[in-house]
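Following: one structure in structure tokens, then a few remarks.
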Amino acid sequence: KESREKYRELSRFLNSILDSATEYAIVALDFFGNIIEFNKGAEKLFGYKKDEVVAKENIGITIPLEDRNKGIQELMSKRTRAEGVCELEMSRVRKGGEIFPALTTVTSIVDPVSARVVGFVEIVRDITVRKKLERELRETKEFLENIMESSVDGILTTDLKGSLTYTNRAMEEMLQYRRDEILGTHISRFYVRGM
């Protein structure tokens, strides 16, 4: 009786941990990808209620049809079984049909007695904001590089140790060296000592 009570207490504790992780979708799957656990974070991220999916749906409902048809679930399953973990940036889909970028990490659930994989735990995070910031940063970098490349003034940049990290076209023409010949060399190479 005491042992059963400890088990129930541990089970309640683990469930409270799962439900407290509201920024991460945590989904437990059987060997075939059928949903056996779905935390509050998964409800928030995918839009399904736990009782709509547990023991009723396959995780495939959260993967765009095009990716399912390409065999992404099989790929993830094989990688997880072979390597113990599979981490991918991939598209996911909410209940309402909205597709979003996500970071997905899948690990194996191993039976302690047989040491066989009996299921998977998937942790999913929406990376929409991160992808937007990466795109904006890339666009800003390209914009600034275009400005520097079109400048008639010679421009060089170095790291903190004085090694050249960038040169524009005008500086290449002034120095009469190609970019690949000078990048990584020390800036002092291009100074002339005073008389």
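The values are calculated or read from the model by the stated rules, or taken from the named source; none is laboratory data. These numbers come from a predicted model, not from an experiment. Note that we place each Cβ from the backbone using ideal geometry, even for glycine, and neighbour counts take in every protein chain shown. What goes into the accessible areas is simple: the full protein's heavy atoms, side chains included, and nothing from ligands, DNA or RNA. Shrake-Rupley method; radii C 1.70, N 1.55, O 1.52, S 1.80 Å.
Only one of these conditions is not met by VAL113: (1) of a type outside the set (Ser, Thr, Tyr); (2) closer than 30 Å to ALA28 by Cα; (3) under 17 Å from the mean Cα position of the chain (by Cα). Which number is it?
With respect to (1) of a type outside the set (Ser, Thr, Tyr); (2) closer than 30 Å to ALA28 by Cα; (3) under 17 Å from the mean Cα position of the chain (by Cα), VAL113 is out only on (3).
Can you tell which of GLY84, GLY33, GLY71 is at positive phi and without any contact (Cβ under 8 Å) to a residue 12 or more places away in the chain?
None of the others qualify; the one that does is GLY71.
Please count how many residues of segment 111-164 are among the β-branched types (Val, Ile, Thr) and in contact with a strand residue (DSSP E or B) (Cβ under 6 Å, 6 or more places away or on another chain).
9
Just give me the residues in segment 9-48 being of a type in the set (A, V, I, L, M, F, W, C) and not in a helix (DSSP H, G or I), in sequence order.
ALA21, ALA25, ILE26, VAL27, ALA28, LEU29, PHE31, PHE32, ILE35, ILE36, PHE38
Looking at segment 77-106, which of its residues are more than 14 Å from the chain's Cα centre (by Cα), more than 19 Å from LYS132 (Cβ to Cβ), modelled with pLDDT of 95 or more and open to solvent by less than 90 Å² (accessible area, probe 1.4 Å)?
GLY96, GLY97, listed by residue number.
Only residues that are more than 21 Å from the chain's Cα centre (by Cα) and buried (at least 18 other Cβ atoms within 10 Å of the Cβ): list them for segment 19-32, please.
none
Could you list, in sequence order, all residues of segment 112-156 that are of a type in the set (Val, Ile, Thr) and open to solvent by 50 Å² or more (accessible area, probe 1.4 Å)?
Answer for segment 112-156, where residues must be of a type in the set (Val, Ile, Thr) and open to solvent by 50 Å² or more (accessible area, probe 1.4 Å): VAL113, VAL118, ILE123, THR128, VAL129, THR140, ILE147, VAL152.
Would you check if there is a residue in segment 92-99 being touching a strand residue (DSSP E or B) at 6+ places or on another chain (Cβ under 7 Å) and farther than 12 Å from ASP126 by Cα?
Among the residues of segment 92-99, not one is touching a strand residue (DSSP E or B) at 6+ places or on another chain (Cβ under 7 Å) and farther than 12 Å from ASP126 by Cα, which makes the answer no.
Could you check how many residues of segment 53-68 are more than 28 Å from ARG116 (Cα to Cα), open to solvent by 40 Å² or more (accessible area, probe 1.4 Å) and assigned to a loop (DSSP other than H, G, I, E, B)?
Residues flagged as more than 28 Å from ARG116 (Cα to Cα), open to solvent by 40 Å² or more (accessible area, probe 1.4 Å) and assigned to a loop (DSSP other than H, G, I, E, B) within segment 53-68 amount to 0.
Might you check whether a residue that is hydroxyl-bearing (Ser, Thr, Tyr), open to solvent by less than 90 Å² (accessible area, probe 1.4 Å) and modelled with pLDDT under 95 occurs anywhere in segment 35-52?
For segment 35-52, residues hydroxyl-bearing (Ser, Thr, Tyr), open to solvent by less than 90 Å² (accessible area, probe 1.4 Å) and modelled with pLDDT under 95: absent.
Out of all the residues in segment 146-195, which are β-branched (Val, Ile, Thr) and part of a loop (DSSP other than H, G, I, E, B)?
Hits for segment 146-195 are VAL152, ILE155, THR185, VAL192.
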